[in-house]
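J.: Attaching a single structure in structure tokens format; questions to follow.
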Amino acid sequence: MTAQGQTFNDRILAARHSIAGQGLAKAVCKATTEEIIGPKKKHLDYLLHCTNEPNVSIPTLANLLIERTQNPNWVVVFKSLISTHHLMCYGNERFTQYLASSSSNFQLSAFLDKGGVQGYDMSPFIRRYANYMSEKSKSYRNVAFDFCKVKRGKDGGTLRQMTAEKLLKTLPHLQAQIDSLLEFDCSAQDLNNGVINACFMLLFRDLIRLFACYNDGIINLLEKYFEMQKKQAREALDIYKKFLLCMDRVGEFLKVAENVGIDKGDIPDLTRAPSSLLEALEAHLASLEGRKPGSGGTTPTGNARMNVAAVVNSLANASNAFGAASGDVIDEKTAARLLQEEEAAMEKFRSTASASNPFAAPPAPEAEETPNILDLFGVSAPAATSAPPAPVSAAPAAPLDFTSAAASNKASDDLLQLSGNPFANMLNAAGSGQPVNYSPGPGFNTSGSGFPSLPSQPGQFTNENAFNNIFGTNGTSATNVLQPQGSSNNTSKDKMITGDLDSSLANLASNLNFGNQNRGGLVPQARGPPMGGLNAMQSQPMAHPFM
């Protein structure tokens, strides 16, 4: 063991756990090394985090720590007990529950380290400390809660609200735990290394909380004393006498804490109860048993109740002092300051919440025009006119002449009739509420496809000759180029589409001809002579390259 870093045994054991992939065992080994200092905070924090993880086995962690207490080195054993105590105070309650479920956790009543003088000196403290740890687990097993973690104080304190029967059963367990803690009985000269100093600090914090809880129980007991029966009053009197003895021992422990350098602000003031109260309690018990009180005794009259009230007030002040020392009670000035800081923080949050709140209500959207789902080509609707729509004529519409309509415009203006949106006029007219006249007007062009289109814009080519040179029509009109095979101008003039889409398709299909006819004056290109057969190629002899 050394005070300068880890020993060789610590490094070997940590490496062994690393190779085996035992991270939890390695953490326990790091917290309980042979180095004569208290367990490092980073290792204790990691173990605390492990107690709150659902996938970490609490029994495994507890058993690893208990296994380290069987080491012959007093430093390892002492640090194992300190780590276990730290987890019981600040870790998950499941850890304490597991320790309370076993009655043979810390069997160190015969521990003795014979490796050196310091081992001999520290062995008695290790035995007392292990005894306190066992008593702490036992009290949790008996009362099902930790006295160091229960709520204390006048408002809602656990022991302040207990009934007389339950209080008489609970206080003996609390007294036994405090007595085992005070049996540690160390002096300022014994606190000469980091290991026992860490142990003393944990015991000091436990004592502050336990005695504050003890005060609450005694106050509740005194308030109910004069309404108790004879048996309960006798038990209550015995508990109060032990409480007076305990106060003297607590005062000695606090003096040691003050001598080792603990801040006086963390050490509460211990107010002792007057001896007149004990005499009044004994006189009341004597009257219940039917015997005469001893010399100097008084009857349980109004004076006795006044003495009880005065003692209760003094004990309440002591309870508040111990609660403040343990960090559970906040004075009025601190509470007012915390409230002001909280209000300032809330005002700052409200001022910035509207600008940075992602869940704030979005601004109301502006009124948008209904999208034109049929406007496939992006043609804007024509301006609405105030003139009333012309009535639909009852006369039948004149038949469409596809040939003449196509011939009236140049082929280079709009070859595929894509310059306008054929659905634009129908949609805009329907949106404005005007009736749609489906008879083609003079401004519509129709092609062989049967779809009307807006008038095309000429001038997209410089002249007709350029269009003919690009597409190779040789002066042929667009009517002949786009006309179905086998049709002519005369037939297209005679056969016109006058029905719906089905009749138009039927008329178009009747004009199709897949024969080898001359397509509108197009001259087929001349073909060369057919190639000779395979036999002709084989009949000719192949010339030798060297001949």
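J.: Given the conditions (1) surrounded by fewer than 14 Cβ atoms within 10 Å (Cβ to Cβ); (2) modelled with pLDDT of 65 or more, which single one is not true for Ile218?
T.: If we test Ile218 against (1) surrounded by fewer than 14 Cβ atoms within 10 Å (Cβ to Cβ); (2) modelled with pLDDT of 65 or more, just (1) comes out false.
J.: Okay, moving on. Got at least one residue in segment 259-277 being assigned to a helix (DSSP H, G or I), touching a Pro at 6+ places or on another chain (Cβ under 9 Å) and crowded, with 17+ Cβ neighbours inside 10 Å?
T.: There is no residue in segment 259-277 that is assigned to a helix (DSSP H, G or I), touching a Pro at 6+ places or on another chain (Cβ under 9 Å) and crowded, with 17+ Cβ neighbours inside 10 Å.
J.: Could you list all residues from segment 20-39 that are assigned to a loop (DSSP other than H, G, I, E, B) and either outside the structural domain of Phe78 (by TED's automatic domain parsing) or farther than 19 Å from Phe8 by Cβ (or both)?
T.: Result: Gly21, Gln22, Gly38, Pro39.
J.: Being in a helix (DSSP H, G or I), under 26 Å from His43 (Cα atoms) and in contact with a Cys (Cβ under 7 Å, 6 or more places away or on another chain) is the requirement here; does Phe125 meet it?
T.: Working: in a helix (DSSP H, G or I): yes; under 26 Å from His43 (Cα atoms): yes; in contact with a Cys (Cβ under 7 Å, 6 or more places away or on another chain): yes.
Yes; evaluated as a whole, the condition is true for this residue.
J.: Let me ask another. Of these, Ser180, Ser187, which one is at negative phi, surrounded by fewer than 16 Cβ atoms within 10 Å (Cβ to Cβ) and not hydrophobic (A, V, I, L, M, F, W, C)?
T.: Ser187
J.: Further question: Might you check whether a residue that is of a type in the set (Ser, Thr, Tyr) and in contact with an Asp or Glu (Cβ under 8 Å, 6 or more places away or on another chain) occurs anywhere in segment 184-201?
T.: No, segment 184-201 contains no residue that is of a type in the set (Ser, Thr, Tyr) and in contact with an Asp or Glu (Cβ under 8 Å, 6 or more places away or on another chain).
J.: Need pairs with beta-carbon distance below 6 Å; first residue without any contact (Cβ under 8 Å) to a residue 12 or more places away in the chain and of a type in the set (Val, Ile, Thr) and within segment 339-353, second assigned to a helix (DSSP H, G or I) and surrounded by 10 or more Cβ atoms within 10 Å (Cβ to Cβ); sequence gap 6+ or separate chains.
T.: Going by the 6 Å Cβ cut-off, there are no qualifying pairs.
J.: So, one more: For Ala233, state whether it is hydrophobic (A, V, I, L, M, F, W, C), closer than 26 Å to Gly157 by Cα, at pLDDT 90 or above and touching a helix residue (DSSP H, G or I) at 6+ places or on another chain (Cβ under 6 Å).
T.: yes
J.: Go through (1) within 24 Å of Leu254 (Cβ to Cβ); (2) touching a residue at least 24 places away in the same chain (Cβ under 8 Å) one by one and return the number of the condition Gln189 breaks.
T.: (2)
J.: Still on this model: Does segment 36-82 hold any residues that are surrounded by fewer than 22 Cβ atoms within 10 Å (Cβ to Cβ) and of a type in the set (S, T, N, Q), and which are they?
T.: Thr51, Asn52, Asn55, Ser57, Thr60, Asn63, Gln70, Asn71, Asn73
J.: Something else about it: Just give me the residues in segment 208-254 being closer than 24 Å to Lys149 by Cα and of a type in the set (Phe, Trp, Tyr), in sequence order.
T.: Those that are closer than 24 Å to Lys149 by Cα and of a type in the set (Phe, Trp, Tyr): Phe211, Tyr214, Tyr240, Phe243, Phe253.
J.: Still on this structure, please answer the following. Do you know which of the residues in segment 11-35 that are in contact with a Lys or Arg (Cβ under 8 Å, 6 or more places away or on another chain) and at pLDDT below 90 is surrounded by the fewest Cβ atoms within 10 Å (Cβ to Cβ)?
T.: Taking the candidates together, the pick is Ser18.
J.: Let me ask something else. Given (1) out of contact with any Ser or Thr (no Cβ under 7 Å at 6 or more places or on another chain); (2) in a loop (DSSP other than H, G, I, E, B), identify the lone condition not met by Asp146.
T.: For Asp146, the exception is condition (1).
The values are calculated or read from the model by the stated rules, or taken from the named source; none is laboratory data. Model, not experiment: these values are computed from the prediction. Neighbour counts are summed over all protein chains in view; Cβ atoms, including those assigned to glycine, are modelled from backbone coordinates with ideal geometry.
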